[in-house]
Amino acid sequence: MSESLIQKLLDDVTQAFDRKDYRSATIALKQLWQLQPENPQVQLYRGKLYEVAGNLTQASSTYKYLLKALSTPKIMAQARQGLDRVLLLDQEQRRREVALSISAPDQDQQGILILEAIDPTHRSNAAQALAQIMNVDPYSARTHMPSRGWRIYRMGPIGAMKLYGQQLRTQDIPCFWVKCASFETPQLFQVQVVQTETPKVELVCVSSDDKTGAVSFDWSEVGQWVKGRLPILDRPLEFDPLRREISARSRKEEVRDFALVLDLHLPARNCILRFCDRNYRFDQGVDFTPDIPLAQTVTRSQWNGLVEWITTELSPPNTATLWDDFNAFRETAIEFPHLLKAIDPGFYLQGQENSRFNPTFHLYSLLAFCKKSM
């Protein structure tokens with residue numbers, strides 16, 4: 001193999017790049033690739049050709065390979081410069097795509113992007129992909145990927161959230177996006193009493209505008225159900241021995257109990273039926289603990305009987321989906337206080353009117369409702 005031929009072709013490629021004559025550069029580079037595919041200069045020019053052609057993924061892979069495989073300072077410096085250029089081009093391209101995505105009608109409305117639990121074996125690669133798509137560092141991307149449940153990852157124009165979500169899905173990162181305006185659509189009814197359980201279930205409910213009425217449904221109408229435990233907080237006052245008084249500054253938020261909540265989603269009716277052990281009237285309607293005298297039962301036993309009845313009715317062959325990973329969701333949802341403040345939970349527990357957990361559970365249930373209809 002003639003070294004002079006190799007050098008001539010390299011000079012031809014260099015001169016073609018200087019003239020921005022990429023057609024001639026491609027012809028000469030094809031010959032070089034056939035003669036010396038492992039030549040670092042050939043691979044460097046190959047990366048540059050990918051770059052100018054807009055194939056940023058291949059260009060990035062080529063530059064990264066050279067940085068790992070070589071120890072030649074000059075080639076490594078050029079590969080690093082090339083990689084920096086590709087990153088800037090990629091970011092600019094993504095900015096243009098986002099701008100275009102939110103320019104469409106209604107795509108500038110607020111929305112949220114939710115990440116779903118990732119397979120641990122895919123976590124490392126997924127973190128790299130998330131970092132590139134969202135323009136964050138890989139460590140931050142990895143810490144934000146949920147190992148279970150859902151995590152609200154970002155808020156912004158729904159067009160942008162949809163674009164990000166579609167790009168993440170191409171990298172096998174499970175996610176979905178929801179327009180915030182969708183949260184206002186489902187009607188919420190608080191169930192107070194189950195009047196009858198056959199042939200149709202008949203309930204006494206309170207609507208979001210505080211009107212009491214009857215609702216009946218068939219179990220086949222239930223598309224999914226959602227369970228959650230809402231911490232009930234207490235802020236005890238502690239005695240300050242130095243000041244001999246109760247100090248307001250020493251108040252500590254403590255969990256003294258949990259409220260148990262269960263939602264039934266009826267998508268065809270666009271409504272949510274919410275059961276809560278704190279406001280359900282166990283002394284009326286169907287007795288779910290018939291073997292125990294009512295005077296001897298406690299609320300938790302009665303609630304367990306109610307949940308067991310619902311669970312039995314929604315077991316196979318019923319195809320209703322159960323969402324019961326609220327604990328994982330609420331740990332991260334509180335990072336979005338402005339979103340939670342905008343959510344009307346539709347129900348309040350006595351002494352817990354300002355609790356952040358009421359709107360968090362309602363948001364969790366609404367996300368499940370919206371995801372089902374996507």
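Quick notes on this one:
- Any hit, the range 295-302, residues being at pLDDT 90 or above, touching a Leu at 6+ places or on another chain (Cβ under 9 Å) and not acidic (Asp, Glu): yes
- Checked against (1) surrounded by 15 or more Cβ atoms within 10 Å (Cβ to Cβ); (2) more than 19 Å from the chain's Cα centre (by Cα); (3) small (Gly, Ala, Ser), ALA126 passes all but a single condition, namely (2).
- Taking the numbered list (1) modelled with pLDDT of 90 or more; (2) within 20 Å of the chain's Cα centre (by Cα) in turn, THR332 passes all entries but (1).
- Whenever a residue of the range 359-370 is polar (S, T, N, Q), its partners that are assigned to a helix (DSSP H, G or I) and crowded, with 23+ Cβ neighbours inside 10 Å, lying with C-beta atoms within less than 7 angstrom and at least six residues away or across chains, give the pairs THR360/ALA333.
- Being touching a helix residue (DSSP H, G or I) at 6+ places or on another chain (Cβ under 7 Å), modelled with pLDDT under 95 and of a type in the set (Phe, Trp, Tyr) is a property that holds for TYR164.
- Matching residues, the range 346-357, being at pLDDT 70 or above and either more than 17 Å from VAL206 (Cα to Cα) or surrounded by fewer than 17 Cβ atoms within 10 Å (Cβ to Cβ) (or both): ASN354, SER355, ARG356, PHE357
- Which listed residue is closer than 19 Å to VAL178 by Cα, among the aliphatic types (A, V, I, L, M) and assigned to a loop (DSSP other than H, G, I, E, B), from ALA104, ALA99: ALA104
- In the range 334-349 there is at least one residue that is in contact with a Pro (Cβ under 7 Å, 6 or more places away or on another chain) and either assigned to a helix (DSSP H, G or I) or aliphatic (A, V, I, L, M) (or both).
- Apart from one condition, GLY54 fits all of (1) closer than 20 Å to GLU92 by Cα; (2) in a helix (DSSP H, G or I); the exception is (2).
- Among the residues making up the range 298-312, those that are loosely packed, with under 15 Cβ neighbours inside 10 Å and not in a loop (DSSP other than H, G, I, E, B) are THR299, ARG300, SER301, GLU308, THR311, THR312.
- Across the range 176-201, the number of residues qualifying as surrounded by fewer than 17 Cβ atoms within 10 Å (Cβ to Cβ) and free of Cβ contacts under 8 Å to residues at least 60 places away in the same chain comes to 4.
- Where strands (runs of 3 or more DSSP E) sit wholly within the range 228-281, those with at least 2 residues that are assigned by TED's automatic domain parsing to the domain that holds SER216 and at pLDDT 95 or above occupy 254-266, 271-276.
- Selected residue [hydroxyl-bearing (Ser, Thr, Tyr) and not in a loop (DSSP other than H, G, I, E, B)] from SER71, SER60: SER60
- The range 115-220 holds helices (runs of 4 or more DSSP H) entirely within its bounds, and those carrying 3 or more residues that are of a type in the set (A, V, I, L, M, F, W, C) map to 123-134, 158-170.
The values are calculated or read from the model by the stated rules, or taken from the named source; none is laboratory data. Owing to the predicted nature of the structure, the values given are computational and were not obtained by experimental measurement. We place every Cβ from the backbone using ideal geometry, glycine too, and count neighbours over all the protein chains shown.
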